[in-house]
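Structure first, commentary second.
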Amino acid sequence: MATSADPGSPPGALPLLGHFPAYARDPLGFVTRVSAEYGGVVPFRLGPYAALLLTDPAAIDEVLVAKSRDFRKSRATARVGVVVGNGLLLSEGDAWRAHRRVVQPAFQHDRVAAWGETMVREAEAFVSGWDDGEVREIHRDMAALTLSIVARTLLDSRLDSRDIEAVRRSVMTLTDHFDSRFNSLAFFIPDWLPTPGNVRMRLAVRRLDRIVYRLIGSRRATEGRGDDAISMLLEASTGAAEPLTDRELRDEVMTLFMAGHETTAVALAWSLHLLSEDPEAAASLEAELAEVLDGRPPTVADLPRLRYAEAVVSEALRLYPPAYALSREAIKPTTIAGRALPKSGIAFISVWATHRRPDIFEDPSMFRPERWLHGLARRLPRGAYLPFAEGPRKCIGASFAMQETVLVLATIALRFRVKPVAVSEIHLRPAVTLRPAGPIRLAVQGRALRSASAGA
Ligand code: HEM
């Protein structure tokens with residue numbers, strides 16, 4: 001029975017529901033208040049389950065790395081299973097290990113680097129449709145752009161525009177579906193009930209399935225495969241002890257798709273929003289682009305010198321981590337930071353509140369890309385900065401995502417400066433990812449391309 005009398009636990013737990021209603025009403029406010037008042041390891045109740053709210057880096061590292069074998073992904077994450085099946089995001093144990101071995105080669109450095117050209121080409125084509133001075137809805141734009149990038153890199157670089165549009169419509173439907181379910185009572189509506197939302201969701205999955213299975217079939221039938229992720233998974237799987245079935249391949253592709261598009265879309269949207277409000281940071285970025293690129297589009301070879309662009313993305317991921325919380329369920333009784341967690345207990349890691357700890361990040365709510373320029377990442381304690389998580393279940397697409405966001409940001413900032421349309425606070429919507437609650441409207445001002453020698 002839930003109780004507020006757990007030692008060190010915040011008051012207000014309800015029978016059966018525990019602190020869940022208080023959390024669901026204001027997920028970011030709840031973790032911010034509770035961790036500020038009760039510390040880095042706080043017992044609380046999520047529904048009927050004992051839980052620990054973690055913002056202490058050492059305790060977080062214990063869950064994700066040292067004691068990762070005591071945990072599995074939690075029930076909340078499992079809700080996306082209706083779309084991604086038993087792909088990497090959700091599978092556990094030996095099945096997860098075997099699949100991670102098959103998928104990993106597609107994300108090796110050279111392979112990811114080879115997708116750089118597509119990323120820049122798609123971004124250039126996208127911004128070529130922007131007019132000087134017009135107002136854009138930047139989150140919607142970035143969602144469309146990152147979708148066409150994942151479609152061309154993961155599915156097929158030659159996908160025609162009809163397929164891209166079908167993929168875009170389906171994925172948007174799915175993203176909105178999960179978005180409306182998360183952190184609300186609608187979370188408890190079973191997927192099999194034929195509600196209008198569930199019917200739309202199933203139709204979208206069917207449309208996507210048709211395309212993915214068709215592509216898998218055509219890759220199996222041809223000798224010379226492409227440079228997309230489906231081809232790479234087939235290639236790696238052919239040599240494996242147990243080659244992947246079409247269904248398993250489909251689950252992995254769908255997983256990469258769902259995990260790899262909205263996350264980068266919000267990362268880019270927040271980066272551009274933050275830059276729009278900070279003309280000095282925008283000018284520093286433009287100066288770097290002028291020096292490194294001299295007016296030409298960026299390439300993967302430029303990345304080591306695009307340090308300010310990378311710092312902008314790192315800082316946006318700190319302030320607005322797309323995966324703002326990570327949760328794990330104990331598969332046996334364990335301890336974290338000396339506190340007991342029973343079997344089925346939940347380790348709830350607030351990435352949001354950890355990234356805003358004043359004892360770790362000076363002026364934590366300020367946007368300061370410069371903080372990343374002098375080796376901060378190396379000095380931070382383990383578990384303090386974790387936009388991509390840590391340990392064996394760390395994001396497999398982390399370098400893909402960093403490469404994509406930095407290249408896209410550089411491509412946009414080379415041609416346009418973004419400005420806020422009106423001074424209005426952007427509200428947050430913590431759903432599957434940390435999204436803006438409403439549109440982010442930015443005016444885009446065309447920039448004359450100048451080289452460093454001509455002055456930025
Ligand atoms: C800024 C962009 C991204 C962020 C912030 C992000 C964040 C994360 C995080 C935090 C996890 C761990 C989740 C957990 O432990 O519960 C994760 C896992 C994963 N991500 Fe990403 N991700 C991003 C982009 C991508 C991309 C581009 C791809 C693929 C193309 C991808 C594929 C995956 C997969 C397959 C997993 C599951 C890995 C496993 O459990 O073995 N992600 N991501």
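Read the figures in this text as sums done on the coordinates, not as results from a lab. Computed from a predicted structure; not experimentally measured. With ideal geometry, Cβ positions are generated from the backbone for all residues, glycine too; neighbour counts draw on all protein chains shown.
Taking N as the number of residues in the range 304-433, what is its alpha-carbon radius of gyration divided by 2.2 N^0.38 Å? Kindly include the intermediate steps, with their values, before the conclusion.
Values: Rg = 17.2 Å, N = 130, 2.2 N^0.38 = 14.0 Å.
With N residues counted in the range 304-433, Rg over 2.2 N^0.38 Å equals 1.23.
Please identify every one of the GluC sites (Glu not before Pro) in the range 69-170 that sits in a loop by DSSP and has no more than 14 other beta carbons within 10 Å of its own beta carbon.
On the way: sites: Glu92, Glu117, Glu122, Glu124, Glu134, Glu137, Glu165; in loops: Glu92, Glu134.
Qualifying residues, ordered by number: Glu92, Glu134.
Quote to one decimal, in nm, the extra length available between Arg379 and Met366 on full extension: 0.36 nm per residue of separation minus the C-alpha distance between them.
Numbers: separation 13, 0.36 × 13 = 4.68 nm, distance 1.94 nm.
In short, 2.7 nm is gained.
Which shape class applies to the range 384-444: rounded if a/c is under 1.5, otherwise prolate when a/b exceeds b/c and oblate if not, where a ≥ b ≥ c are the square roots of the Cα gyration tensor eigenvalues? Provide the component values of the computation, followed by the final result.
On the way: a/c = 3.28, a/b = 1.41, b/c = 2.32.
Taking the square roots of the gyration eigenvalues as a ≥ b ≥ c, the range 384-444 is oblate.
Which order do Thr175, Thr146 fall in if you start with the one that has the fewest other Cβ atoms within 10 Å? Before the final figure, lay out the partial values.
Numbers: Thr175 21, Thr146 28.
Lowest count first: Thr175, Thr146.
Using only Cα atoms, what Kirkwood radius does the range 120-180 have, in angstroms? Kindly include the intermediate steps, with their values, before the conclusion.
Numbers: mean 1/r = 0.0793 Å⁻¹.
Kirkwood radius, the range 120-180: 12.6 Å.
Setting aside same-chain residues fewer than 8 positions from Lys73, which lysines have a Cα under 26 Å from its Cα?
Qualifying lysines at Cα under 26 Å: Lys332, Lys343, Lys394.
Report, in whole Å, the centroid distance computed from the Cα atoms of the range 289-320 and the range 52-112.
29 Å
Hey, what's the per residue convex hull volume over the C-alpha atoms of the chain, in cubic angstrom? Before the final figure, lay out the partial values.
On the way: hull volume 67.6 nm³, N = 456.
Per residue, the Cα convex hull of the chain comes to 148 Å³.
For the range 205-309, what log10 I(q)/I(0) values come out of the Debye formula at q = 0.21, 0.22, 0.24 1/Å, with one point per alpha carbon and no solvent?
After summing over all Cα pairs, the log10 values are -1.04, -1.11, -1.26.
Can you pull out the GluC sites (Glu not before Pro) in the range 347-406 that DSSP calls coil and that have at most 10 other Cβ atoms within 10 Å? Present the calculation step by step, with values, prior to reporting the outcome.
On the way: sites: Glu362, Glu370, Glu390, Glu404; in loops: Glu362, Glu390.
Passing sites in the range 347-406 are Glu362.
Where does the chain land at 222 nm, in deg cm²/dmol rounded to the nearest 500, when only DSSP H runs of n ≥ 4 count, each adding -39500 (n - 2.57), divided by all residues? Let's see the in-between values first.
Details: 18 runs with 216 residues, N = 456.
The helix-only estimate for the chain comes to -14500 deg cm²/dmol at 222 nm.
Tell me the Rg and the Dmax, in Å, that the Cα atoms of the range 235-285 produce.
In Å, with Rg to one decimal and Dmax whole: 19.2, 55.
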